Amino acid sequence: MDAEEMSQDRTDDRARWRALYVASILSGFLLLGIGDANVALPAIADALHIGPTSLQLVSAGYVVTFGLTLVPFGRLGDQGHRRRLIFIGLSVYVVSSLVCGLAADWRTLIAGRVLLGVSAGILMPQTIGVIQQLFSGAERGRAFADYGVMTAIATALGPSVGGLLVTLGGQAQGWRWIFLMNVPIGVALFAAGLRYLPRTQPVAATANRSLDPFGAVLLGVTVLLVLYPLVLTTGLPGDSAARWYTLLPAAVFGVLFWRWERRYARRGSLPLLDGDLLRTRSYRIAMLVAASWLATGPAVSLVLMLYLQLALGLSPVLAALVLLPSAAASAFGARWAARRVLLRGRVITLTGLFMSAGGILVSALAANLLPPHPAIAVITVAQVLNGVGNGMVISPNHVLLLIDVPKEKGGLAASIGHLTQRIGNSLGVAATSAAFYAVIYGQAGGLTNARRSTYDSALTAGVVTAGIFFVLAVWASVVDLLRMRRARAVPPSAALATPLK
């Protein structure tokens, strides 16, 4: 190789890593927007005089449309339109953020949040698709290490940033800052994308094939009916039991969708869901681990945030600061673990699960056994352990999710993974918050008459409920660990004869 070729290789290598950083920052930007907006809901309710149902729609509008758009746009990105979709998604995100930030009434705000969800659903599959497209082997582990740092920081910082902006801007206007700050950041990412994101050509095998519009409708209806009762669950006595009735038609539409996809594939067309992808065992298990853990960690953070405010009297921003150490710790855990996951596999995620569980358990014990000030101190320190463990789960699991997925299916694989994570997260938050409030209203009849002992019991109930999902994540990780060890024990000749799925 001559000097000119070596120089070109170094240039191409730098270009790939710059594209990775743009994709990672974009993904972190989207995740930050989920956490910070939820903290602002009480301020939004006061400023726009929104009732409980409409306030739920401010949050639900984003979550539902995000889930609805993930899979179709993941498939579209894999057909060679990834770069174009990123610019379309960023444009919609900036405009809808401006609509939310300047909203004069709750109807405009909900419309803006719905558009935000659509744009996030367009963008999120493309960020992981870029990494899947540009990196492979050990390099992909290093790439996901950097990606995991950004997503871990953004996930942990969301509540703190939201609380800080509401505090700085005031109760009446601070919530607008959360949306308006998206505008300059989105414009900067658009400019960076124009310069650094790679151009992609349509994939020959899929470029001229239908996107399966009828399958997209069936999947969309199924997702809508599943998410609807979850995102409208607050745990308060006013929740209507009738919302759960949507799960019956959801099951019907889910079966219809599955049958349609199989029939569509038999006709030689390209289905929305890839059968080979769903039959890949490493992919299925990683999806289950991610969905179970996102039903655990964020749900516990929510009830812990509520406990710090309701039981210990902290302001929203101070409560967020107590949980802030998990952000830096999560970034450290993510970077350390993702660079070693190809050597250690599921041992790393299992270790992370138990470390994070240890931090949660210490926090719950401190809340129940210590006076307020010592309890706050111990909970703050325990968040370091929780954060390191969280990073050791999420970032390596991204690598294991896509380790057996072909590059040309990276966007679809990421979108299905994110969809299951959103459903898992919504289920965990709904179940945990319901358990938390059920104890408060069962023992004290409401928030006004509740004492600290009541809140202690409520926190314990929430943590125990989240623990059910934790057990599921551990079980899936152990199953995958045993699978990997059996695969290593197979002689090379047998492994070549029987590909691992």
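Every number in this text was worked out from the coordinates using simple rules, so none of it is lab data. As the structure is a computational prediction, the values presented were derived from the model and not from experiment. Positions of Cβ are generated from backbone atoms using ideal geometry, with glycine treated the same way; all protein chains shown enter the neighbour counts.
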For region 274-501, what are Rg and Dmax over the alpha carbons, in angstrom?
19.5, 69
At most 12 other Cβ within 10 Å, DSSP loop - trypsin sites (Lys or Arg not before Pro), region 386-473:
Arg451
What three numbers, in Å, describe the spread of the alpha carbons of region 52-95 along their principal axes, ordered from the longest?
43, 22, 6
Which order results if Asp239, Asp13, Asp36 are arranged by neighbouring Cβ count within 10 Å, fewest first?
Asp13, Asp239, Asp36
Checked against the structure, the computed Cα extents along the principal axes in Å among (i) 92, 77, 39; (ii) 120, 70, 51; (iii) 72, 53, 52 is the one labelled (iii)
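Step by step: find N for region 12-203, compute 2.2 N^0.38 Å, then divide the Cα radius of gyration by it. What's the final number? Please report the intermediate quantities before stating the final value.
Details: Rg = 16.9 Å, N = 192, 2.2 N^0.38 = 16.2 Å.
Relative to the rule-of-thumb radius for its length, region 12-203 sits at 1.04.
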Phi-derived 3J(HN,Hα) across region 47-60 with the Karplus relation (6.51, -1.76, 1.60, θ = phi - 60°), rounded Hz, x for Gly and Pro, is 6, 9, 6, 8, x, x, 5, 5, 5, 4, 5, 4, 7, 5
Sequence-distant residues sharing a close amide H with Leu447 (under 5 Å, placed H)
none
Can you list the HN-Hα couplings for region 352-358, worked out from phi with the Karplus curve (6.51, -1.76, 1.60; θ = phi - 60°), rounded to whole Hz and with x for Gly and Pro?
x, 4, 6, 5, 5, 4, x
For Thr69, Thr454, order by how many other beta-carbon atoms lie within 10 Å, fewest first:
Thr454, Thr69
Residues Ile178, Ile153, sorted so that the one with the fewest Cβ neighbours within 10 Å comes first
Ile153, Ile178
